[in-house]
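Engineer: Before I ask anything, here is the structure I am working with.
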Amino acid sequence: MFRKFLFIHIQIFTVITLSQSISFTEKVNRTGEHILQGLNESLEWYDAPIMTVFLTTRYLELSDNNKIKIKTPFFESSFQSEIGNSGHFTLGSIDKNTLPFAIMFARGAYVLGKDLFTEQGSTAEAYKHAALFQKSLIYTYTLTELVKNITARKRPDNSDSKSFFSGHASTTFTAASFIYREVDSYFDECSLTANDFTLRTTLKTLSFATLYGWAGFVGYSRIHDNKHYLSDVLVGAAVGIFMGNMMYRSYFSNDDRKFDLGLNYIHTVPSLTVQYKF
């Protein structure tokens, strides 16, 4: 009797285990399909040459004698002397990739874990978002390092000649711009906020202030810590804002055109409306 009882329980346990294994195998297959689809939709032919430049800028650098010299105007030097604090280190000057890459890995782990361990799973679109966030950072890094490698401008603390332009500013503003566009779209579609203008606007405003406030603090820190001049940070911020918005609109806008900057100008005259879209 005991053996029959034990045998029946072993069979039940085996069936349950196999069903779970089959279910998990299906989830693994589903995850693989989603990853491949997401990557396929986020890659373009020009990614290959850009990645070549990305790798090249990491290992090749011109000597200062062969670089374009950038002089610092007097007003920037004066501004720097007022703001800069030699030998001081603020939180905004930690490695520029620390927080953006932490966000990247966290969202990647979340999307992957949801796909593997829940019935609902993730979508290929979620992997596409994660891949394009990383892609926007790589594009920004490539452009930043390329400019740093062909220009020579002494940092305010004279540590090297890679002051122009700020990689911290370009990276953080890229991350802030891309994430804000995602948040903005989410609040437009979320059932809780879609029909509540006040709540939606409040949450968007708080998100904007948090993300761009963080990026602005990083830019200020680089000036305060005597690592960059004002123009280095302003140019880096402009590059980051452009890159984050351009990457998002290129893939998630209803407009099929790539590199749509999303600038709209509408002129209305009697019986005629003209819209310019760039």
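Taken together, the values in this text are just the output of simple stated rules run on the coordinates, not laboratory data. No experiment lies behind these values; they were computed from the predicted model shown. Cβ atoms come from the backbone with ideal geometry, glycine included; neighbour counts cover every protein chain shown.
Engineer: What is the one condition in (1) surrounded by fewer than 16 Cβ atoms within 10 Å (Cβ to Cβ); (2) of a type in the set (A, V, I, L, M, F, W, C); (3) in contact with a strand residue (DSSP E or B) (Cβ under 9 Å, 6 or more places away or on another chain) that Ala152 does not satisfy?
Structural biologist: Here Ala152 meets the rest and fails (1).
Engineer: Then there's this: Is region 205-224 home to any residue that is crowded, with 16+ Cβ neighbours inside 10 Å, touching a Ser or Thr at 6+ places or on another chain (Cβ under 8 Å) and either without any contact (Cβ under 8 Å) to a residue 24 or more places away in the chain or of a type in the set (Asp, Glu) (or both)?
Structural biologist: No; the residues of region 205-224 include none that is crowded, with 16+ Cβ neighbours inside 10 Å, touching a Ser or Thr at 6+ places or on another chain (Cβ under 8 Å) and either without any contact (Cβ under 8 Å) to a residue 24 or more places away in the chain or of a type in the set (Asp, Glu) (or both).
Engineer: Are there any pairs with C-beta distances below 8 angstrom linking a residue in region 41-70 that is assigned to a loop (DSSP other than H, G, I, E, B) to a residue that is among the β-branched types (Val, Ile, Thr), with the two at least 6 apart or on different chains, and if so which?
Structural biologist: Leu62/Ile150; Lys67/Ile150; Lys67/Thr151; Ile70/Thr151
Engineer: Still on this structure, I have one more. Among the residues of region 48-90, which ones are over 13 Å from Ile223 (Cβ atoms), in contact with a helix residue (DSSP H, G or I) (Cβ under 7 Å, 6 or more places away or on another chain) and not basic (Lys, Arg)?
Structural biologist: Of everything in region 48-90, those that are over 13 Å from Ile223 (Cβ atoms), in contact with a helix residue (DSSP H, G or I) (Cβ under 7 Å, 6 or more places away or on another chain) and not basic (Lys, Arg) turn out to be Ile50, Val53, Phe54, Thr57, Glu61, Leu62, Ile68.
Engineer: For Ser170, state whether it is farther than 21 Å from Ile223 by Cβ, touching a Ser or Thr at 6+ places or on another chain (Cβ under 8 Å), small (Gly, Ala, Ser) and touching a residue at least 12 places away in the same chain (Cβ under 8 Å). Explain how you work it out, then say what you get.
Structural biologist: Working: farther than 21 Å from Ile223 by Cβ: no; touching a Ser or Thr at 6+ places or on another chain (Cβ under 8 Å): yes; small (Gly, Ala, Ser): yes; touching a residue at least 12 places away in the same chain (Cβ under 8 Å): yes.
Taking the combined requirement at face value, the residue does not satisfy it.
Engineer: So if I check each of Phe133, Phe79, Phe89, Phe105, which one is more than 16 Å from the chain's Cα centre (by Cα) and in a helix (DSSP H, G or I)? Break it down into steps so the answer makes sense when it comes.
Structural biologist: Working: Phe133 fails: more than 16 Å from the chain's Cα centre (by Cα); Phe89 fails: in a helix (DSSP H, G or I); Phe105 fails: more than 16 Å from the chain's Cα centre (by Cα).
Step by step, each of Phe133, Phe79, Phe89, Phe105 is checked, and only Phe79 is more than 16 Å from the chain's Cα centre (by Cα) and in a helix (DSSP H, G or I).
Engineer: Sort through Leu62, Leu43 and tell me the only one that's surrounded by 11 or more Cβ atoms within 10 Å (Cβ to Cβ), under 20 Å from the mean Cα position of the chain (by Cα) and among the aliphatic types (A, V, I, L, M). Give the steps one after another, and end with the answer.
Structural biologist: Values: Leu62 fails: under 20 Å from the mean Cα position of the chain (by Cα).
One residue alone meets the criteria, Leu43.
Engineer: Of the residues Ile94, Ile35, Ile70, which single one is of a type in the set (A, V, I, L, M, F, W, C), surrounded by 15 or more Cβ atoms within 10 Å (Cβ to Cβ) and closer than 18 Å to His228 by Cα?
Structural biologist: Answer to the check: Ile70.
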